[in-house]
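Everything below concerns the one structure shown next.
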Amino acid sequence: MKKWLRRISVLLLSAAVSLSVFAACAPKNPGDDDVDWTTLPDIDRSEKVTLTIWSPLEQWAPDSTYDKNVIYQRAAEELNLELEFIHPPVGQETDQFNLMIVEKDLPDIIFCGNWYPGGVQEGISHGIYRNVNDYLPKYAPDYYRRLTANPDILREATMDNGDIGAVWGFAEYEEWCYSGPIFNKKALDAIGEDAPVTIEDWDRVLGKFKNELGMNSAFAIHPLGLQYLEQAIISAYGAASGFIKDPATGEVKYGPAENGYIDYLNLIRGWYDKGYIPTSFTTNDWLTNVDNFKAMQTGVMFDNPQNAAALIGEYGKDWIDAPYPVLNEGDKLQIRLKNWYVQSNNSAWNTCGVVTRSCENLDRALDFLNWGFTDEGIMAYNYGTEGVTYNMVDGEPVFTDYLFDNDITGTDIYSALYRFKCHNGIFVRQEKTANPLIQRYPENIGIMERWTEQSGTDALLPPISYTRNEQQVIDLYFTDITQYVEEQQMKFITGQTNDISNTAVATYDSTFRANLTGMGIDDILGVVSSALERYNERTSEE
Amino acid sequence: MNKNSYFARLKIDIKRKKVEYLLFLPVLIYFIIFCYVPLYGIFMAFFDYVPALGFAGSEYVGFQWFSLFFDSIFFGRIMYNTIMLNVYSIIFVFPAPILFALLLYEIKTKAVVKTAQILTYLPVFISLVVVCGIIVDFCKVDGLISNIMATITGEAAKDLLDDANYYFPIYLISDIWQNMGFSSIVFYAALCRVDQDLYDAAKIDGAGRFRQLISVTIPSILPIITVMFIIRMGSMLNVGFEKAYLLKRPLNAERSEVIATFVYDRGLKGNNYGYGTAVGLFSAVINFAFLWVTNFFAKKTENGLW
């Protein structure tokens, strides 16, 4: 009995060892991609080549798969390519991405290369991505030219080791702050108020909404949670839900550990207690908020003015914008929503084109990625097809009604944005002029400009990148912290922690911060600081 | 090779019972492919595992992940939730199908039994995602159960899933509702095989209906109950991942976070395969310990599994 057991265990162990060796097939040496671009052969487009591309779908246009997209078809035709898109199921994008890496079942191009733990740089050093840095001047000349033309953009796209490892979609100018407070104009008229400016005004207006108009959801919270657009209210207190830096000293801070954060929580808790925020806010969905708004049950929500114009009604009659609230009139905010030139954080989709090591036609893959930076490609991705979706008027592209006409497009405007043009992807994004909804509602330009001008961005962290080890520290400790903070703030707001009283706030505050320290927030701040330092040291010149 | 060695005897046996071994082959292959081959993945628990580099390129970190898990501020509550949910489940959910089978067995009208069985089996065929959707809807502020609760307690209706105190009852009651009927099949089948002569003998001895239950029915199905109990104890640290994950929210995480959801969040979603595997391995070891201890005691009553 004993003997055969020993034999079996030896057998299993040796099998396990041999399997583990088998699994550890050596990655390609990263040095393979050290080439002199001047000696590379020209791109030969005579042969038709198939490229597989992994790309998640946009959540609000899940039926607009990219093989139906007119512009990708055109790119394929012009460059003599066959494009095969692989779309992960909506809602499982990150899981599918991770599985793809684990199984090493790689397509030629991945549009979300920034999702690799540790970023593009680690993806290259682990042999999953090709290092395209040395090939770019030859095979993606337009991308290279436009990227290097602006040192600020170049800095955002450069990795910490000085290489450009991916083809990033970027904007060549700073985009507007795209979301902010949207007030119910009819409700404001009914209570005889203007759009509020300070937190105090907000409190008064919400009180009237609740008490005079009987609204059951005066302040609608975005379903993505407090962390999302309610940044707007936290910013009045100089805090944030994530990392910020001190505008003066450049020191990195964690928003929820700041003094202002507790004041902010107290404010929201008060609003919840007074019934301005519905008890069901944890399960609200976005369309319910819109319906409540139209039914005069909601007085204010944070949203994008294009959505408001498309879904709620007429500007100035049904809805009106308000500035971001401040504590005292004339305060200058330093935190707001901002799209960087290069959107490299993990929540950015389809902005980072990387070529994987299973790609056999590196030149053709880069040729395709480069198309979004040629004059023709920029027009096509941003505006669609000339004479169909847009016309040139005085040298400027002007959208026709094509995209809005459901009878022709056979779909709603949101899906049409992903079928007859592209909303985001690997190209020079010209959001200010290339969003047909902005063109249709020109007053929105003024709204977004006001929000943009109202706040500085000195407290925001630039798109820094972490090394794998740093990423691991963040994943391990910071996941615990964000989970803890989220649970605590929800409990605090809904009054499950303790009764509202000043002493309760004080104990909550001290235990909360003691726990944050215990969970290693200081180590994490150190990691973020060093990543920020590396970012600041990146050479912006070639 | 020794003539009496295991393999020699196995060889003779295979020659003798070719067809039987052929039938057994698929089972063997299944276990090798799906249960033994993946075992090498356990090594991940001791590595800082990078999928792209494999084991050879990953750094050996010893017991780092284990100590990290034990130090986590969530460790206490995860263990509490996982164990307590199982304890409650053994107290309330495990006996439910047995009681149900006993009740069914007492009903002698065929039509009633059949109808009751079909009605109680049905929920098990509903996808867990749908069941959780129903639970979420019923427990909403304007949901059915929330409002019944509000009427009983006289307080304003609230979202029951937003209160950690309600999480265990919601979990267990819905579990009973969904699985009681189906799990009772095995007990009901065991009951149907009880020798009717035993009842006749008991009746002659003057046993009433309740006395028959105590002295005949329950002892007859005790072996089945024991076996099911041992198997149940072997998953002491398992809480179905899907249900916990679908019902989990920040406001009820105090009670809803269990080992399985933690492994998923940190391991698969957080890309830390080593950490996830370490936590998984830890719970597997504890499960095995429970299984072994239960079996040890069950053997004393001669109902052991092995």
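The values are calculated or read from the model by the stated rules, or taken from the named source; none is laboratory data. Since the model is a prediction, treat every value here as computed from it, not as a measurement. As a convention, Cβ positions derive from the backbone with ideal geometry for all residues, glycine included, and neighbour counts pool all protein chains shown. Surface accessibility is based on the protein's heavy atoms, side chains included, excluding ligands, DNA and RNA. Shrake-Rupley method; radii C 1.70, N 1.55, O 1.52, S 1.80 Å.
What is the one condition in (1) within 14 Å of chain B (Cβ to nearest Cβ); (2) crowded, with 18+ Cβ neighbours inside 10 Å that A:Ile447 does not satisfy?
Among (1) within 14 Å of chain B (Cβ to nearest Cβ); (2) crowded, with 18+ Cβ neighbours inside 10 Å, the lone unmet condition for A:Ile447 is (1).
Among what's in region A:492-505 and is more than 10 Å from chain B (Cβ to nearest Cβ) and modelled with pLDDT of 70 or more, pick the residue that is least open to solvent (accessible area, probe 1.4 Å).
Just the residues of region A:492-505 that are more than 10 Å from chain B (Cβ to nearest Cβ), to begin with: A:492, A:495, A:497-505.
Now narrow it down to the ones that are modelled with pLDDT of 70 or more: A:492, A:495.
Details: A:Phe492: 0, A:Gly495: 39 Å².
Selected residue: A:Phe492.
Note down all Cβ pairs under 9 Å where the first residue falls in region B:134-159 and is touching a residue at least 24 places away in the same chain (Cβ under 8 Å), the second is polar (S, T, N, Q), and they're at least six residues apart or on different chains.
Note: pairs meeting the criteria are B:Ile135/B:Ser174; B:Val136/A:Thr283; B:Cys139/B:Ser146.
Any idea which of (1) touching a residue at least 60 places away in the same chain (Cβ under 8 Å); (2) open to solvent by less than 10 Å² (accessible area, probe 1.4 Å); (3) away from chain B (no Cβ under 14 Å) is the one A:Ile164 doesn't satisfy?
Condition not satisfied by A:Ile164: (1).
To keep it simple, each residue is scored yes or no on (1) in contact (Cβ under 8 Å) with a residue 24 or more places away in the chain; (2) assigned to a helix (DSSP H, G or I); (3) of a type in the set (Phe, Trp, Tyr).
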site: B:Asn179; (1), (2), (3): yes, yes, no
site: B:Asp197; (1), (2), (3): no, yes, no
site: B:Lys203; (1), (2), (3): no, yes, no
site: B:Leu213; (1), (2), (3): yes, yes, no
site: B:Val216; (1), (2), (3): no, yes, no
site: B:Ile224; (1), (2), (3): yes, yes, no
site: B:Val227; (1), (2), (3): yes, yes, no
site: B:Arg232; (1), (2), (3): yes, yes, no
site: B:Leu237; (1), (2), (3): yes, no, no
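Could you check how many residues of region A:288-314 are part of a helix (DSSP H, G or I) and away from chain B (no Cβ under 14 Å)?
13
Quick one: B:Phe34 ticks every box in (1) at the interface with chain A (Cβ under 10 Å from one of its Cβ atoms); (2) open to solvent by 60 Å² or more (accessible area, probe 1.4 Å) bar one, so which box is it?
The single condition B:Phe34 does not satisfy is (1).
Quick check: is even one residue across region A:350-364 outside any strand (DSSP E or B), open to solvent by 40 Å² or more (accessible area, probe 1.4 Å), touching a Leu at 6+ places or on another chain (Cβ under 8 Å) and of a type in the set (Ser, Thr, Tyr)?
Taking every residue of region A:350-364 in turn, at least one turns out to be outside any strand (DSSP E or B), open to solvent by 40 Å² or more (accessible area, probe 1.4 Å), touching a Leu at 6+ places or on another chain (Cβ under 8 Å) and of a type in the set (Ser, Thr, Tyr).
Scan (1) open to solvent by 10 Å² or more (accessible area, probe 1.4 Å); (2) within 21 Å of A:Ser55 (Cβ to Cβ); (3) touching a strand residue (DSSP E or B) at 6+ places or on another chain (Cβ under 7 Å) for the single condition A:Phe368 breaks and write down its number.
The failed condition is (1).
Only one of A:Val132, A:Val90 is open to solvent by 10 Å² or more (accessible area, probe 1.4 Å), β-branched (Val, Ile, Thr) and more than 10 Å from chain B (Cβ to nearest Cβ). Can you tell me which? Give the steps one after another, and end with the answer.
Numbers: A:Val132 fails: open to solvent by 10 Å² or more (accessible area, probe 1.4 Å).
Result of the check over A:Val132, A:Val90: A:Val90.
Which of the residues belonging to region A:124-164 are at pLDDT 90 or above, touching a strand residue (DSSP E or B) at 6+ places or on another chain (Cβ under 7 Å) and within 18 Å of A:Tyr466 (Cα to Cα)?
A:Ile128, A:Tyr129
Within region A:27-43, is there a residue that is modelled with pLDDT of 80 or more and closer than 30 Å to A:Tyr390 by Cα? Break it down into steps so the answer makes sense when it comes.
Initially, region A:27-43 is screened for residues modelled with pLDDT of 80 or more, giving A:40-43.
Now narrow it down to the ones that are closer than 30 Å to A:Tyr390 by Cα: none.
No, the conditions are met nowhere in region A:27-43.
Hey, can you tell me all the residues within region B:63-75 that are loosely packed, with under 14 Cβ neighbours inside 10 Å and either touching a helix residue (DSSP H, G or I) at 6+ places or on another chain (Cβ under 6 Å) or among the hydroxyl-bearing types (Ser, Thr, Tyr) (or both)?
B:Ser67
Name the pairs: first residue in region A:275-287 and within 11 Å of chain B (Cβ to nearest Cβ), second residue open to solvent by less than 20 Å² (accessible area, probe 1.4 Å), Cβ to Cβ under 6 Å, at least 6 apart or on different chains?
A:Pro278/A:Ser217; A:Phe281/A:Ile221; A:Thr282/B:Asp162
Return the residues of region B:243-299 that are hydroxyl-bearing (Ser, Thr, Tyr) and either without any contact (Cβ under 8 Å) to a residue 24 or more places away in the chain or not in a helix (DSSP H, G or I) (or both); say none if nothing qualifies.
Of region B:243-299, the ones hydroxyl-bearing (Ser, Thr, Tyr) are B:245, B:256, B:261, B:264, B:273, B:275, B:277, B:283, B:294.
Selection gives B:Tyr245, B:Thr261, B:Tyr264.
Which pairs have Cβ atoms under 8 Å, sit 6 or more apart or on different chains, and link a residue in region A:463-491 that is more than 9 Å from chain B (Cβ to nearest Cβ) to one that is among the acidic types (Asp, Glu) and not in a helix (DSSP H, G or I)?
Taking only residues 6 or more apart or on different chains, the pairs are A:Ser465/A:Asp160; A:Thr467/A:Asp160.
As an exercise: evaluate A:Ala322 against (1) over 28 Å from A:Ile199 (Cβ atoms); (2) surrounded by 21 or more Cβ atoms within 10 Å (Cβ to Cβ) and give the number of the one condition it does not meet.
A:Ala322 satisfies every listed condition except (1).
Kindly evaluate A:Leu106 against the criterion of being modelled with pLDDT of 90 or more, within 13 Å of another protein chain (Cβ to nearest Cβ) and either surrounded by fewer than 24 Cβ atoms within 10 Å (Cβ to Cβ) or part of a strand (DSSP E or B) (or both).
Yes; evaluated as a whole, the condition is true for this residue.
Taking the condition farther than 25 Å from A:Ser55 by Cα, free of Cβ contacts under 8 Å to residues at least 24 places away in the same chain, among the hydrophobic types (A, V, I, L, M, F, W, C) and open to solvent by less than 30 Å² (accessible area, probe 1.4 Å), does A:Ile199 pass?
Working: farther than 25 Å from A:Ser55 by Cα: yes; free of Cβ contacts under 8 Å to residues at least 24 places away in the same chain: no; among the hydrophobic types (A, V, I, L, M, F, W, C): yes; open to solvent by less than 30 Å² (accessible area, probe 1.4 Å): yes.
Answer is no for this residue.
May I ask you to verify whether B:Leu39 is open to solvent by less than 70 Å² (accessible area, probe 1.4 Å), under 21 Å from B:Gly267 (Cβ atoms) and either more than 13 Å from chain A (Cβ to nearest Cβ) or not small (Gly, Ala, Ser) (or both)?
Taking the combined requirement at face value, the residue does not satisfy it.
I'd like to verify a number: residues in region A:352-378 that are in contact with a Cys (Cβ under 8 Å, 6 or more places away or on another chain) and closer than 25 Å to A:Ile464 by Cα, how many?
Number of matching residues: 1.
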